[in-house]
Amino acid sequence: MYHREPPSEQQNPLLPGYPFNAWLVAGLTPINANDQLDFFIDRPLGMKGYILNLTIKGQGRIFDGESAFDCEPGDLLLFQPKTPHYYGRSPDSPCWFHRWVYFRPRAYWTDWLQWQDESQGVGRLRLPEAQRAEFDRLFASIEQTHNSGRRFAEELAMNLLERLLLRAVEEDPRSHQQ
Ligand code: FCB
């Protein structure tokens with residue numbers, strides 16, 4: 001008799017098949033033309049949680065056909081749950097580096113998750129040049145804190161994420177009119 005291992009799940013969130021069943025997962029996806037990560041992320045049914053996506057280098061292409069658009073450094077996107085994900089390096093750019101956070105929100109965050117500029121389930125915000133470094137650092141500290149092994153790692157990461165969401169609404173030029 002031998003024991004058969006169950007099929008192992010993908011351990012790397014940058015590769016297809018990773019089960020996103022946590023409250024929060026954060027990372028940086030560095031796509032260079034023709035490398036291992038140079039494929040289109042394709043989740044036709046979307047995800048259970050939200051995704052924040054910040055381009056830090058190069059250009060990404062979101063969707064295809066009529067709804068396609070490109071994103072550039074400083075562009076912050078918010079994918080609603082169940083919104084299809086289809087994105088990758090823009091064919092016009094040699095690379096696309098983007099930071100991201102996948103999360104299941106706290107109930108009282110709801111108001112900050114409906115951005116003024118939203119179409120097809122994707123909110124968009126172009127960060128002013130002067131604010132980009134701050135957002136880049138926030139994304140990086142969410143990832144670091146979450147992986148730190150500290151006792152309250154997840155709570156502290158959610159705490160930083162809450163700040164990121166608030167800062168995003170604050171930067172949204174149209175939210176001032178409300
Ligand atoms: C990674 C992608 C990233 C984001 C997370 C959830 O594989 O590179 O853009 O979609 O999954």
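Taking 7 Å steps out from each Cα toward its Cβ at D35 and E170 produces label points 3.3 nm apart. Here the spin labels are modelled as points 7 Å beyond Cα on the Cα-Cβ line, and at S8 and Q114 they lie 4.5 nm apart.
For the chain, rounded, prolate or oblate, judged on the Cα gyration tensor with a ≥ b ≥ c (square roots of eigenvalues), a/c < 1.5 rounded, else prolate if a/b > b/c? In terms of gyration-tensor shape, oblate. Across the protein chains, with a 1.4 Å probe defining accessible surface, the residues S8, S119 rank S8, S119 from largest area downward.
The share of accessible area on the stretch 10-70 that comes from carbon and sulfur is 51 percent, using a 1.4 angstrom probe. Residue separation of S148 and A107 scaled by 0.36 nm, minus their Cα-Cα distance, works out to 12.2 nm of gained length. Ranked by the mean number of other Cβ atoms within 10 Å of their residues, highest first, the peptides 33-39, 48-54, 129-135, 78-84 fall in the order 48-54, 78-84, 129-135, 33-39.
Length available on full extension from E66 to K48: 0.36 nm per residue minus the Cα-Cα distance, which gives 3.9 nm. Extension gain for the segment R126 to F20, taken as residue separation times 0.36 nm less the Cα-Cα distance, is 35.5 nm to one decimal.
For the chain, the dipole from Cβ point charges (+1 on Lys and Arg, -1 on Asp and Glu) about the Cα centre works out to 500 debye, to the nearest 20.
Under the rule a/c < 1.5 gives rounded, and otherwise a/b versus b/c splits prolate from oblate, where does the stretch 82-143 land using the Cα gyration tensor? Verdict is oblate for the stretch 82-143.
The values are calculated or read from the model by the stated rules, or taken from the named source; none is laboratory data. Here the structure is a predicted model, which is why all the values come from computation and not from measurement. For neighbour counting, all protein chains shown are included, and Cβ atoms are generated from backbone atoms with ideal geometry for every residue, glycine included. What goes into the accessible areas is simple: the full protein's heavy atoms, side chains included, and nothing from ligands, DNA or RNA. Shrake-Rupley method; radii C 1.70, N 1.55, O 1.52, S 1.80 Å.
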